Amino acid sequence: MKSWIPENLNGVSIYHINSFETVKNPFEGHYLHYKTKVTKSVENVLVKKGDLLVKTQQQGVRYLLETLEPSAPDSFFNWNFFDAILQQKEGFSPYVWEDMAEKFLNENPEIKKEFETKKKNEPDFAKNWYTQLD
């Protein structure tokens, strides 16, 4: 399948959730998130048959921005409609992942340095091989 960019569209905005906080008690049945911090990038994405393109150059742009921008106070993310994306879906098999993790660290010296620093500064992390792999 090919990546397709509609005419006059130079990629789409992609958000990665860096951090957020969640209230302790629900409000109207939702555990609201706040202080949501994101990293935004513009990327080409794979568009498949049946996907919808919602143009922002329309009368309903304010609704789109207030609900789909993850850091907006009343966004669907902050009203916890998308909490499934925050949950780890699968575990891992340590005997498989251990070699892959070592290779990854050797190929990424900056991350390896951060990892070693974390082990040095956090004794509980340093003692727990399973947490390190996770």
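The values are calculated or read from the model by the stated rules, or taken from the named source; none is laboratory data. These numbers were taken from a predicted model, which means no experiment stands behind them. Every residue, glycine among them, receives a Cβ derived from its backbone with ideal geometry; neighbour counts consider all protein chains shown.
Tallying residues that are within 17 Å of S71 (Cα to Cα) and not in a strand (DSSP E or B) within the stretch 6-25 yields 1. Residues of the stretch 82-111 being surrounded by 12 or more Cβ atoms within 10 Å (Cβ to Cβ) and not charged (D, E, K, R), which ones? F82, L86, F92, P94, W97, A101, F104, L105, N108, listed by residue number. Within the option set S19, S13, being of a type in the set (G, A, S), modelled with pLDDT of 90 or more and under 21 Å from the mean Cα position of the chain (by Cα) holds for one residue only, S19.
It is to be established whether one or more residues within the stretch 47-65 are in the same structural domain as N18 (by TED's automatic domain parsing), under 25 Å from H16 (Cα atoms), within 18 Å of the chain's Cα centre (by Cα) and of a type in the set (S, T, Y). No, because not a single residue in the stretch 47-65 is in the same structural domain as N18 (by TED's automatic domain parsing), under 25 Å from H16 (Cα atoms), within 18 Å of the chain's Cα centre (by Cα) and of a type in the set (S, T, Y).
Is one or more of the residues making up the stretch 80-100 over 24 Å from I17 (Cβ atoms) and acidic (D, E)? Checked against the condition, which is being over 24 Å from I17 (Cβ atoms) and acidic (D, E), the stretch 80-100 yields at least one hit.
Apart from one condition, F76 fits all of (1) closer than 30 Å to G11 by Cα; (2) of a type outside the set (G, A, S); (3) exposed (fewer than 13 other Cβ atoms within 10 Å of the Cβ); the exception is (3).
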